[in-house]
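*Asks:* Can you read through this structure? Questions will come right after.
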Amino acid sequence: QLKCVSEILANLGGNVVSIHHERASEDSDITDCLLRIVLETRNFEHIAAIRQALTAAGFNIVNK
């Protein structure tokens, strides 16, 4: 899944500044993982395009 997310971000021109991959937590399913990604983007439209592509690929976006 990390590879798929990375490909989506690269294809859309997002610049990954940092990433944290958390495999499990006490309130998640055993098959879940959480990615915390800090990106550089061009503008709000770029952010919306990235969010839409990730969602279309089946990823859930959580703002914390």
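*Asks:* Please tell me the relative contact order of the chain in percent, rounded to the nearest whole number, where contacts are Cα pairs under 8 Å and at least six residues apart. Don't skip to the end; give the middle numbers.
*Replies:* Numbers: 54 pairs, mean separation 19.8, N = 64.
With pairs under 8 Å counted, the relative contact order is 31 percent.
*Asks:* In whole Hz, what ³J(HN,Hα) sequence does segment 5-11 give by Karplus (6.51, -1.76, 1.60; θ = phi - 60°), x for Gly and Pro?
*Replies:* Karplus values, whole Hz, x for Gly and Pro: 4, 4, 5, 4, 4, 5, 4.
*Asks:* How much of the pair distance distribution for the chain lies past 15 Å, counting alpha-carbon pairs only, in percent?
*Replies:* Details: 1061 of 2016 pairs.
Taking all Cα-Cα pairs of the chain, the fraction more than 15 Å apart is 53 percent.
*Asks:* Less than 14 Å Cβ to Cβ from GLY14, Lys/Arg counted +1 and Asp/Glu -1: what total charge do the surrounding residues give? Can you show the working numbers first?
*Replies:* Details: positive: ARG42, ARG51; negative: GLU7, GLU40, GLU45.
Once positives and negatives cancel, what remains is -1.
*Asks:* For LEU39, what residues show an amide H to amide H distance below 5 Å, using hydrogens built from the backbone and excluding near sequence neighbours?
*Replies:* Under 5 Å from the amide H of LEU39: VAL17.
*Asks:* Along segment 33-50, what does the Karplus equation 6.51 cos²θ - 1.76 cosθ + 1.60 (θ = phi - 60°) give for ³J(HN,Hα), rounded to whole Hz, x for Gly and Pro?
*Replies:* 8, 10, 10, 9, 10, 9, 10, 9, 10, 7, 6, 5, 5, 5, 4, 4, 5, 5
Each value in this text was obtained by applying a stated rule to the coordinates, not by laboratory testing. Keep in mind that this is a model prediction, so the values were computed, not measured. Cβ atoms come from the backbone with ideal geometry, glycine included; neighbour counts cover every protein chain shown.
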